[in-house]
1. Of the residues that make up segment 90-101, is at least one crowded, with 21+ Cβ neighbours inside 10 Å, in contact with a Leu (Cβ under 8 Å, 6 or more places away or on another chain) and in a loop (DSSP other than H, G, I, E, B)?
2. Could you list all residues from segment 291-303 that are open to solvent by 40 Å² or more (accessible area, probe 1.4 Å) and modelled with pLDDT under 95?
3. Which residue pairs have Cβ atoms closer than 8 Å, lie 6 or more positions apart in sequence or on different chains, and pair a first residue in segment 88-113 that is of a type in the set (Lys, Arg) with a second residue that is open to solvent by 30 Å² or more (accessible area, probe 1.4 Å) and modelled with pLDDT under 95?
4. Give the residue, chosen from 451, 380, that is of a type in the set (A, V, I, L, M), over 15 Å from residue 159 (Cα atoms) and within 21 Å of the chain's Cα centre (by Cα).
5. Looking only at segment 156-179, count how many residues are within 28 Å of residue 243 (Cβ to Cβ) and surrounded by fewer than 21 Cβ atoms within 10 Å (Cβ to Cβ).
6. Could you list, in sequence order, the residues of segment 306-332 that are more than 24 Å from the chain's Cα centre (by Cα) and open to solvent by 10 Å² or more (accessible area, probe 1.4 Å)?
7. Looking at 249, 235, 259, can you tell me which residue is farther than 19 Å from residue 438 by Cβ, open to solvent by 40 Å² or more (accessible area, probe 1.4 Å) and in contact (Cβ under 8 Å) with a residue 12 or more places away in the chain?
8. Of the residues in segment 178-209, how many are among the small types (Gly, Ala, Ser) and under 22 Å from the mean Cα position of the chain (by Cα)?
Amino acid sequence: MADLFEDYRLGPGWDEMFGAPGMPRETYEALHATLQPLSSTELRVRAEVLARAFLDQGITFALKGVERPFPLDIVPRIIAADQWRVVEVGVAQRVRALEAFLADIYGPGQVLADRVVPRRVVVTSAHFHREAARITPHNGVRIHVAGVDLVRDEQGEFRVLEDNVRVPSGVSYVMENRRAMAHVLPEVFAATRIQPVESYPGQLLRALRSAAPVGVTDPTVVVLTPGVHNSAYFEHALLAREMGVELVEGRDLVCVGNEVAMRTTAGEQRVDVIYRRIDDEFLDPVHFRADSVLGVAGLLNAARAGRVTIANAVGNGVADDKLLYSYVPDLIRYYLGEEPILSNVETYRLEDPDVRDHVLGRLDQLVLKPADGSGGAGIVIGSQATDEELAELRHRILGDPRGWIAQREVALSMVPTLVGNRLRARHVDLRPFAVNDGTRVSVLPGGLTRVALPEGALVVNSSQGGGSKDTWVLAEPPSAVSPVDLTGSGTTDQQSPPPLVPVPRSPDPGPGAGPVAEQQQQQQQSARDRGVPGWSPC
């Protein structure tokens, strides 16, 4: 075996490439055969080319105040077609259940009356907004885009780690990772049949157009960004460009008489659908933060009047609450009459005194997470914590039991990763992206694989030193997406998305100053975009 693998050691988690030392799994045989003849020096040179390409394109993130290329590992992650089908159907099932839940709690509230979810769990969530009550999208979609974070446990089974249905970020890395990998490892692509990911902008545009208000046959769609100070600005601009729609800031929009319009050089133009990448709290100063200059005054009233659609819907964040996460299997049974296809990680609710006492007695064996946490912030892995940290954690739990959940420590699956000049086993997770157009949920093949680069680390967020991998879904024959039918017709035939016609781009005004820049930085700091530093909320 070449020196790349000669001292590769299997780690404590499920190794996705090797079933035994030196014995690659069938899914990885072609990749293993391609990598094996390469020297460590050759692979390192290709990895440096990859990093330079990302830096030149501005695909960076800020770590401790320094802009650097988002680490893309040169060894891809591969998922077999049959394994992916389980993920695909399971993610779509979860999105359907959460759609029903959001419609219920902002409408009749039957799930609360039936005590499937305690009322206090919903009303004490920081992201439950009464301002969103009775706002009903005409096609019933509140979750236009979802990112469901998954891990593989010690047996290789996919489990859900958390849900992201506010404004999930990271799909730009999925697309750019694929483009970059095709250039630095062309021989691997020649030996492997991989489902493509470039259809995502068309899928998203179709879903946004389908969400237009009643009577609008040719909707105007825009992407609303906090601006250039947000670290996800690259993604916002990329999606707007790929969809052929305008990228706007709050100052580019005006709301008068419940009509939203975009200021252009030719005058004001009506806007029908806003794909927003701004936190709820900054979206409308009439209903939320009065000092916000990032959003649009009156936007929520326009949505309530049915004159504009906000995607994703305001108030979705209650479904991201980690305490609510523990009830999702019950919601699937309640709304869909089905058993969950993807299991949760075993989770403890600390409001129950008996459960809390049990958890407090074994803090050093569990993972504790803030219910409203994001980006890996605040997570305490008991087995890696000091006695002082566990004592402080105990005090915080007793002071706010609702604010925490506990989970068993899962040895996340591992994939070979280039560390220095050698391949080493490192832990990974996966964020598949789902798009809901009201009739079907389409799950992009693959998604964002994040990898914990430090040895033994379980937190994959880049704020904690993590990176990413290109995720390949094998298929025969390949298809861009495999939608899950929501109509009950039993068909999953795909419709062709509307043509992506580029529109003239407005000149970039450049970084702003004063309150706009300050609030962009506030949002970037407060949201941390649920997994990648500085990304807008997810």
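1. No, segment 90-101 has no match at all.
2. Filtering segment 291-303 down to residues open to solvent by 40 Å² or more (accessible area, probe 1.4 Å) leaves 291, 293, 297, 301.
Within segment 291-303, 291, 293 meet the criteria.
3. 96/486
4. Details: 380 fails: within 21 Å of the chain's Cα centre (by Cα).
The conditions single out 451.
5. Filtering segment 156-179 for residues within 28 Å of residue 243 (Cβ to Cβ) gives 162-179.
If we keep only those that are surrounded by fewer than 21 Cβ atoms within 10 Å (Cβ to Cβ) as well, we get 175, 178-179.
The total comes to 3.
6. As a first pass, look at segment 306-332 and keep what is more than 24 Å from the chain's Cα centre (by Cα): 306-308.
Answer for segment 306-332, where residues must be more than 24 Å from the chain's Cα centre (by Cα) and open to solvent by 10 Å² or more (accessible area, probe 1.4 Å): 306, 307.
7. On the way: 249 fails: open to solvent by 40 Å² or more (accessible area, probe 1.4 Å); 235 fails: open to solvent by 40 Å² or more (accessible area, probe 1.4 Å).
Among 249, 235, 259, only 259 is farther than 19 Å from residue 438 by Cβ, open to solvent by 40 Å² or more (accessible area, probe 1.4 Å) and in contact (Cβ under 8 Å) with a residue 12 or more places away in the chain.
8. Here is the first cut: in segment 178-209, the residues among the small types (Gly, Ala, Ser) are 180, 182, 190-191, 199, 202, 207.
When the remaining residues are screened for being under 22 Å from the mean Cα position of the chain (by Cα), the result is 180, 199, 202, 207.
Residues in segment 178-209 being among the small types (Gly, Ala, Ser) and under 22 Å from the mean Cα position of the chain (by Cα): 4 in total.
The values are calculated or read from the model by the stated rules, or taken from the named source; none is laboratory data. Because the structure is predicted, anything quoted here is derived from the model rather than measured. Methodologically, a virtual Cβ is constructed for each residue, glycine included, from the backbone with ideal geometry; neighbour enumeration extends over all protein chains shown. Just so you know, the surface numbers come from the protein's heavy atoms only, side chains and all, with ligands and any DNA or RNA stripped out. Shrake-Rupley method; radii C 1.70, N 1.55, O 1.52, S 1.80 Å.
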